[in-house]
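Visitor: Once you've had a glance at the structure underneath, I'll fire off some questions.
The values are calculated or read from the model by the stated rules, or taken from the named source; none is laboratory data. The structure presented is a predicted model; accordingly, all values stated were derived computationally and were not measured. Note that we place each Cβ from the backbone using ideal geometry, even for glycine, and neighbour counts take in every protein chain shown. Note: accessible area is taken over every heavy atom of the protein model, side chains too, but ligands, DNA and RNA are not part of it. Shrake-Rupley method; radii C 1.70, N 1.55, O 1.52, S 1.80 Å.
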Amino acid sequence: MEKEQVNTLIDAFKDFKEEKNIDRPVMMGVLKEVFLSQISKTYGSSDNFDVIVNVDKGTCEIYQNFDIVEEVENPNSEMTLEQVKADSGDDDYEVGDSYAKKLPLSAFGRRGILNIRQNLQGRIMDLEKANLFKKYSEKVGELFRGEVYQTWTKEILILDEDGNELHIPKNEQINGERFKKNDEVRAIIKSVELKNTTPYITLSRTSNEFLEKLFEQEVPEIADGLITVKKVVRVPGDRAKVAVESYDDRIDPIGACIGVKGSRISGIVRELHNENIDVIQWTSNPQLMIARALSPAKVSSIDMGQNPEDKVKVFMHPDEVSKGIGRGGVNIRLAGMLVDREIEVWREFSKGEQAEEDDVAIEDFNDVIDQWIIEKLKSIGCDTARDVLAISAEDIARRADLEDETVAEILEILRAEFED
């Protein structure tokens with residue numbers, strides 16, 4: 001049984017040497033620590049022991065050093081001349097010399113060998129975790145491709161080529177996506193954290209950086225540095241805006257990103273579950289940037305306000321307002337994110353022009369909606385009922401600083417108007 005334990009320990013040592021991606025100095029240090037620790041437990045001290053590790057051969061030799069004395073007081077560190085001669089078969093030793101005796105692994109006993117093996121396996125696991133943490137910490141922000149191993153309600157489990165686990169939590173998945181086992185998936189390495197000493201690697205498909213990396217992969221001019229992605233904003237699965245700039249006047253950055261007949265951007269759109277992507281020419285002029293970002297709507301004029309924290313007022317012809325705001329207000333929200341300002345759309349009427357016949361001025365609801373609420377709605381560019389209905393309830397509540405219940409009541413009143 002003891003021989004079997006020794007063989008098991010030797011196998012564990014070989015695994016450590018051959019299969020684990022561990023630096024040589026670290027490996028030698030760990031092995032010495034493990035054996036010296038057990039020596040201290042077995043003999044009370046490891047001061048007179050040497051552990052020699054041969055990484056190339058996968059062997060480990062332990063020597064117990066003795067002082068040769070006439071009378072032994074400490075049998076763990078002293079031997080008589082007669083004992084040394086009997087042990088070594090060598091007559092050349094004298095009292096006062098030192099003698100190194102090779103210690104077989106069996107000297108530790110069954111329990112000691114088991115402790116060494118368990119300690120070694122535990123240290124191997126700790127080193128693997130540390131290496132995994134370091135490896136992926138250095139890859140944060142990089143694109144990852146792998147196969148789905150398991151899907152759960154709250155996350156998807158991905159395995160890399162070494163069998164390490166990576167996770168895509170529900171909030172890092174695009175709405176409506178469905179994955180099954182063995183599906184290939186791409187995502188960006190978002191973060192690496194330690195959870196109970198185990199690295200937890202989070203992947204993301206909803207981050208702006210993921211979209212930027214997809215452009216780098218699909219557009220050679222970006223990978224070569226001829227075109228730069230200046231900024232990306234997105235509502236994952238719905239719409240995104242990508243501002244690009246070319247360092248070569250001969251290169252059209254928008255055309256290069258879209259590709260012939262949309263050949264380049266179509267693959268990105270499919271990858272993002274048919275997310276609409278607007279590619280915009282970057283400019284440092286904030287007014288021009290806003291005008292480009294609100295495309296396809298045409299802007300009449302822009303009031304940037306006096307201070308950077310002021311809301312930007314964008315004036316449009318009534319026919320352009322719905323396009324500028326976008327479905328659920330997503331277009332105007334993304335435009336604001338692109339320039340880091342909150343944008344309000346205002347209707348600009350020509351002289352004598354009236355509101356559309358199928359729309360109703362928000363002021364006409366002052367008999368059922370408090371005037372202060374109407375003023376709040378007008379302050380965010382909602383002059384008509386359809387202006388309000390074009391924006392999501394969440395955006396109305398946030399931008400107009402209204403309670404969710406109040407917004408729900410307003411929307412119910414306005415919808416009833418058109419149903420009637």
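Visitor: Filter the stretch 198-210 for residues that are open to solvent by 30 Å² or more (accessible area, probe 1.4 Å) and charged (D, E, K, R) and give the result.
Guide: 209
Visitor: What are the residue pairs meeting all of these: first residue in the stretch 261-275, first residue of a type in the set (Asp, Glu), second residue at pLDDT below 90, Cβ atoms under 6 Å, and 6 or more apart or on different chains?
Guide: Short answer, once both residue conditions are applied: 275/237.
Visitor: State all residues of the stretch 130-148 that are over 17 Å from residue 172 (Cα atoms) and open to solvent by 80 Å² or more (accessible area, probe 1.4 Å); if no residue qualifies, say none.
Guide: Hits for the stretch 130-148 are 134, 138.
Visitor: Return a yes/no flag: does the stretch 244-259 have any residue that is surrounded by 15 or more Cβ atoms within 10 Å (Cβ to Cβ), more than 20 Å from residue 329 (Cα to Cα), touching a helix residue (DSSP H, G or I) at 6+ places or on another chain (Cβ under 7 Å) and of a type in the set (Ser, Thr, Tyr).
Guide: Checked the stretch 244-259: at least one residue is surrounded by 15 or more Cβ atoms within 10 Å (Cβ to Cβ), more than 20 Å from residue 329 (Cα to Cα), touching a helix residue (DSSP H, G or I) at 6+ places or on another chain (Cβ under 7 Å) and of a type in the set (Ser, Thr, Tyr).
Visitor: Restricting to the stretch 206-232, count the residues that are part of a strand (DSSP E or B), over 11 Å from residue 257 (Cα atoms) and among the aliphatic types (A, V, I, L, M).
Guide: Counting residues in the stretch 206-232 that are part of a strand (DSSP E or B), over 11 Å from residue 257 (Cα atoms) and among the aliphatic types (A, V, I, L, M) gives 1.
Visitor: Follow-up. Kindly list the number of the only condition in (1) in contact with an Asp or Glu (Cβ under 9 Å, 6 or more places away or on another chain); (2) under 30 Å from residue 245 (Cβ atoms); (3) modelled with pLDDT of 85 or more that fails for residue 397.
Guide: Tallying (1) in contact with an Asp or Glu (Cβ under 9 Å, 6 or more places away or on another chain); (2) under 30 Å from residue 245 (Cβ atoms); (3) modelled with pLDDT of 85 or more, residue 397 fails exactly one: (2).
Visitor: From the residues in the stretch 149-171 that are of a type in the set (A, V, I, L, M, F, W, C) and open to solvent by 40 Å² or more (accessible area, probe 1.4 Å), which one is farthest from residue 190 (Cα to Cα)?
Guide: 152
Visitor: So which residues in the stretch 212-258 are among the small types (Gly, Ala, Ser) and without any contact (Cβ under 8 Å) to a residue 12 or more places away in the chain?
Guide: Residues satisfying the conditions are 223, 255.
Visitor: Which one of these does residue 198 not meet: (1) touching a Pro at 6+ places or on another chain (Cβ under 9 Å); (2) farther than 22 Å from residue 238 by Cα; (3) not acidic (Asp, Glu)?
Guide: Failing condition for residue 198: (1).
Visitor: Residues that are in contact with a helix residue (DSSP H, G or I) (Cβ under 6 Å, 6 or more places away or on another chain) and among the hydroxyl-bearing types (Ser, Thr, Tyr): find the strands (runs of 3 or more DSSP E) completely inside the stretch 37-138 holding 1 or more of those.
Guide: Per the criteria, 98-103.
Visitor: Could you please give the count of residues in the stretch 278-313 that are in contact with a helix residue (DSSP H, G or I) (Cβ under 7 Å, 6 or more places away or on another chain) and in contact (Cβ under 8 Å) with a residue 40 or more places away in the chain?
Guide: Matching residues across the stretch 278-313 total 6.
Visitor: On the basis of being hydrophobic (A, V, I, L, M, F, W, C), in a strand (DSSP E or B) and open to solvent by less than 100 Å² (accessible area, probe 1.4 Å), does residue 174 make the cut?
Guide: no
Visitor: Quick check on the stretch 64-77: of everything there that is within 11 Å of residue 100 (Cβ to Cβ) and polar (S, T, N, Q), which residue is surrounded by the fewest Cβ atoms within 10 Å (Cβ to Cβ)?
Guide: Here the answer is 65.
Visitor: Which numbered condition in (1) open to solvent by 20 Å² or more (accessible area, probe 1.4 Å); (2) more than 30 Å from residue 157 (Cα to Cα) is the only one that residue 213 fails?
Guide: So residue 213 meets the others, but not (2).
Visitor: Ok, one more. Take the residues in the stretch 78-124 that are surrounded by 13 or more Cβ atoms within 10 Å (Cβ to Cβ) and under 33 Å from the mean Cα position of the chain (by Cα), then tell me which one is farthest from residue 159 (Cα to Cα).
Guide: Going through the qualifying residues, I end up with 119.
Visitor: Within the stretch 388-407, restricting attention to residues that are among the aliphatic types (A, V, I, L, M) and under 17 Å from residue 371 (Cα atoms), which residue is surrounded by the fewest Cβ atoms within 10 Å (Cβ to Cβ)?
Guide: 397
Visitor: Right, next: Among (1) basic (Lys, Arg); (2) in contact with a strand residue (DSSP E or B) (Cβ under 8 Å, 6 or more places away or on another chain); (3) surrounded by fewer than 19 Cβ atoms within 10 Å (Cβ to Cβ), which single condition is residue 195 missing?
Guide: Unmet for residue 195, out of (1) basic (Lys, Arg); (2) in contact with a strand residue (DSSP E or B) (Cβ under 8 Å, 6 or more places away or on another chain); (3) surrounded by fewer than 19 Cβ atoms within 10 Å (Cβ to Cβ): (2).
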